[in-house]
Amino acid sequence: MEQCFERAEAAESRETPEARAAKPEIKYPQKVSIRPATDADLPLLAGWLASQTYFEIVCLPQMIVYVAEFEGKIVGFGAARLIFQIEPIFLEPTFKRHAPHFARARATLGLIRALEGWIADRRQNTTGIYSYFCFIKGRVMQKLAEAYGMWRIYRGGRFYGRDV
């Protein structure tokens, strides 16, 4: 974390006095207000979310969403949700090294299906949370996850999720 601050300070110190003077000073005479998002706000927020490439594309109506307003305009938002994380899926190292491929695949998929079955079962799982995600390393397992109906949560990432 310290490196981040050092880099920022170094970049600022390279800036010439002329460049600093040419920057317009931004003054904020009014306060920024924070409030819960309304249904009417969600299309704007979803559009912002769809236009960026960093954050996960999520279903905002199913989340807790707050907006920041400045001078009567929405200038930002934050969203939160509860979700299960399936991790670890662990196979004993000797089994993983020596078992036939089909046995390793069946054990992995069986464990995921068992956990997903519990998450999806409205009688057992009374949390109201019916989504999960997991981290998947290998490309073969990522393709298997996609074939199983999971979707890549982050562009360029290895996190996959599924609603059940």
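Only the coordinates and a few stated rules stand behind these numbers; no lab work does. As the structure is a prediction and not an experimental result, all values here were calculated from the model. Every residue, glycine as well, gets a Cβ built from its backbone with ideal geometry; the counts of neighbours run over all protein chains shown.
The table that follows gives values for the structure above.
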{"read-out": "Placed amide H near Ile153: partners under 5 Å, 5+ positions off or other chain", "value": "Phe159, Tyr160, Gly161"}
{"read-out": "Most to least packed among 107-120, 126-139 [average Cβ atoms within 10 Å]", "value": "107-120, 126-139"}
{"read-out": "Note, ³J(HN,Hα) from phi for segment 54-64, Karplus 6.51, -1.76, 1.60, rounded to Hz, x at Gly and Pro", "value": "9, 7, 4, 7, 10, 8, 4, x, 9, 10, 8"}
{"read-out": "Inter-label distance, nm, simple model (7 Å from Cα along the C-beta direction), Tyr148/Ala114", "value": "1.3 nm"}
{"read-out": "Stretchable slack from Phe159 to Ile34, in nm (0.36 nm times residue separation minus alpha-carbon distance)", "value": "42.0 nm"}
{"read-out": "Efficiency of FRET between Lys73 and Ser51 - r from beta-carbon atoms, R0 22 angstrom, step 0.05", "value": "0.85"}
{"read-out": "Cα shape, segment 85-164, gyration tensor, a/c 1.5 rule", "value": "oblate"}
{"read-out": "DSSP bridge pairs, segment 84-163: antiparallel proportion in percent, nearest 5", "value": "80 percent"}
{"read-out": "Estimated FRET transfer efficiency (Thr126, Ala105; beta-carbon r; R0 41 Å; 0.05)", "value": "0.80"}
